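The values are calculated or read from the model by the stated rules, or taken from the named source; none is laboratory data. Note that the coordinates shown come from a computational prediction; the quantities given were computed from them, not determined experimentally. Cβ: placed from backbone, ideal geometry, glycine included. Neighbour counts: every protein chain shown. What goes into the accessible areas is simple: the full protein's heavy atoms, side chains included, and nothing from ligands, DNA or RNA. Shrake-Rupley method; radii C 1.70, N 1.55, O 1.52, S 1.80 Å.
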Amino acid sequence: MDDLALRAESLDAADPLAAYRDRFLPSGDLLCYLAGNSLGRPLRATAELMDGFIRGPWADRLVRGWNDEWMEWPLRLGDRLGGLALGAAAGQVVIADSTTVLLYKLARAAVDARPGRRRVVLDTDNFPTDRYVLEGIAAERDLDLVWIETDPRAGIRAEQVADAVDEDTALVLFSHVAYRSAWMADAVAINALARAAGALTLWDLSHSAGSVPVDLDAWGADLAVGCTYKYLNGGPGAPAFAYLRTGLQEELRQPIRGWMGHRAAFEMGPVHEFAPGVRALLSGTPPILAMVPLRANLDLLEEAGMEAVRAKSLLLTGYVLDVADEWLAPFGVEVVSPRDPVRRGGHVTLRRPGFDRLLEPLWRAGVVSDYRRPDGLRIGPAPLSTSFTEVYRGLSVLRELLEKQP
Ligand SMILES: *Cc1c(COP(=O)(O)O)cnc(C)c1O
């Protein structure tokens, strides 16, 4: 056994979260799953809860379910997620829609709440949907987008934000953990800069929620959105979450006025009146069925604790860095994620020309990772479902492929 295999074994032996792997459903042909940052694995409890929900509340209660408690799910689950993973006090988070749609609603509400200001600051390396949504809003509202050029190997830095924000800035939008490099932005510093200029902040937490510590209230953040199907294992297309700080809830008005965001949905009244609080972010019927998996995952996160998840995540990505340095660097593989644990999110991106050609042979060998242009192979080991030995096995296959097709 080589050194790295021994290290993986001893890290597994010392891992307080090791037993949680068995909570997840097995995946037949899988040798190693490294795409937990893209789509989390299903829990056994999720399968049971889904079945139980269909046979129980849905089959039994039918439409009466709306009177029972379904109306409360978007807020109740939002509160739980906020408390466990977002550092948000109750009454500020809802589960709804998709990240893209919630991003649109919040960003539109934000720029409309700062009518004298014509600028929105964002960065060139943000996730495509974030850039596209803001381009659309800028066109609708005749605003100027101020683009910060981000280094795709790193991410957005406070100095760049300081240079870009001014008294004409309505909103700044960034990802907290960059989807490509996993760079973790200094949210406290950036929020302070934006606030000093009178601008609102909107954070995309898609790669943060359930992976790295998030403390929205303490950060002084205004708005946030994120996915629940990545580190929160909510399942493909699971609904997203939105955070709207209490102090802004009466001021910001989202643009998709539907009956479910109404003060009294079932009165079927003649005009729209926004519901008090964060419920006003809802538009149409909440995706109750699609929220069921999130319940199982919030139970899991509560049991395991975010601190332990982050501690293991750093050990996992640290291990990936060691393997990359020892085995992969000789093949010209470069690490394009932060080595500094303070700035490193939950994945590590490796770069080498031709990596796109390796994705298919990797998948065929049961090693599931994902690829992001240009030349980036993302290694995203989800802490609750991944062992160190699994990472070792997956990266061994990668090394063999590099040996065979240099
Ligand atoms: C995954 C991801 C999204 C996805 O948005 P959807 O509306 O769920 O497709 C958005 N933003 C970031 C930063 C992401 O990583």
> With region 287-406 as the region, which strands (runs of 3 or more DSSP E) entirely inside it contain at least 1 residues that are at pLDDT 95 or above?
Replying inline: 348-351, 376-379
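Conditions tested, residue by residue: (1) more than 30 Å from ALA280 (Cα to Cα); (2) in contact with a Leu (Cβ under 7 Å, 6 or more places away or on another chain).
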position: ASP15; (1), (2): yes, no
position: GLY28; (1), (2): yes, no
position: CYS32; (1), (2): yes, no
position: PRO42; (1), (2): yes, yes
position: MET50; (1), (2): no, no
position: LEU62; (1), (2): no, no
position: ASP68; (1), (2): no, no
position: GLU72; (1), (2): no, no
position: ASP79; (1), (2): no, no
> Could you say which residue among ALA189, ALA224 is among the small types (Gly, Ala, Ser) and either touching a strand residue (DSSP E or B) at 6+ places or on another chain (Cβ under 6 Å) or without any contact (Cβ under 8 Å) to a residue 12 or more places away in the chain (or both)?
Replying inline: ALA224
> So, in region 89-111, of the ones that are open to solvent by 10 Å² or more (accessible area, probe 1.4 Å) and small (Gly, Ala, Ser), which residue ends up nearest to the ligand (Cβ to nearest atom)?
Replying inline: SER98
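Yes or no, residue by residue, for (1) over 27 Å from HIS176 (Cβ atoms); (2) open to solvent by less than 30 Å² (accessible area, probe 1.4 Å); (3) of a type in the set (Ser, Thr, Tyr); (4) in the same structural domain as ALA324 (by TED's automatic domain parsing):
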| position | (1), (2), (3), (4) |
| --- | --- |
| ALA8 | yes, yes, no, yes |
| PRO16 | no, no, no, yes |
| ASP22 | yes, no, no, yes |
| GLU48 | yes, no, no, no |
| ASP51 | yes, no, no, no |
| ARG55 | yes, no, no, no |
| ASP60 | yes, no, no, no |
> Which ones in region 131-145 are part of a helix (DSSP H, G or I) and surrounded by fewer than 16 Cβ atoms within 10 Å (Cβ to Cβ)?
Replying inline: TYR132, GLU135, GLY136, ALA139, GLU140, ARG141
> Residue check: is ARG351 over 21 Å from the mean Cα position of the chain (by Cα), of a type in the set (Lys, Arg) and farther than 16 Å from TRP183 by Cα?
Replying inline: no
> Does ALA265 satisfy the condition of being among the small types (Gly, Ala, Ser), crowded, with 17+ Cβ neighbours inside 10 Å and in contact with a Phe, Trp or Tyr (Cβ under 8 Å, 6 or more places away or on another chain)?
Replying inline: yes
> What are the pairs, 6+ residues apart or on separate chains, where a residue within region 18-32 that is touching a residue at least 60 places away in the same chain (Cβ under 8 Å) and closer than 16 Å to VAL368 by Cβ has its Cβ under 7 Å from a residue that is open to solvent by less than 60 Å² (accessible area, probe 1.4 Å) and polar (S, T, N, Q)?
Replying inline: ARG21/SER385; ARG21/SER387; PHE24/SER385
>> Every residue in region 171-212 that is away from the ligand (no atom under 15 Å from the Cβ) and among the small types (Gly, Ala, Ser), please.
In response: ALA189, ALA192, ALA194, ALA196, ALA197, GLY198, ALA199
>> I'd like to verify a number: residues in region 150-170 that are within 22 Å of ARG118 (Cα to Cα) and away from the ligand (no atom under 16 Å from the Cβ), how many?
In response: 13
> What is the number of the single condition among (1) under 23 Å from LEU350 (Cα atoms); (2) of a type outside the set (S, T, N, Q); (3) out of contact with any Phe, Trp or Tyr (no Cβ under 8 Å at 6 or more places or on another chain) that TYR179 does not meet?
Replying inline: (3)
> Counting only residues that are open to solvent by 10 Å² or more (accessible area, probe 1.4 Å) and near the ligand (Cβ under 10 Å from one of its atoms), which one in region 117-130 is farthest from ARG180 (Cα to Cα)?
Replying inline: THR129
> Somewhere in region 230-245, is a residue away from the ligand (no atom under 16 Å from the Cβ), in contact with a strand residue (DSSP E or B) (Cβ under 8 Å, 6 or more places away or on another chain) and not basic (Lys, Arg)?
Replying inline: yes
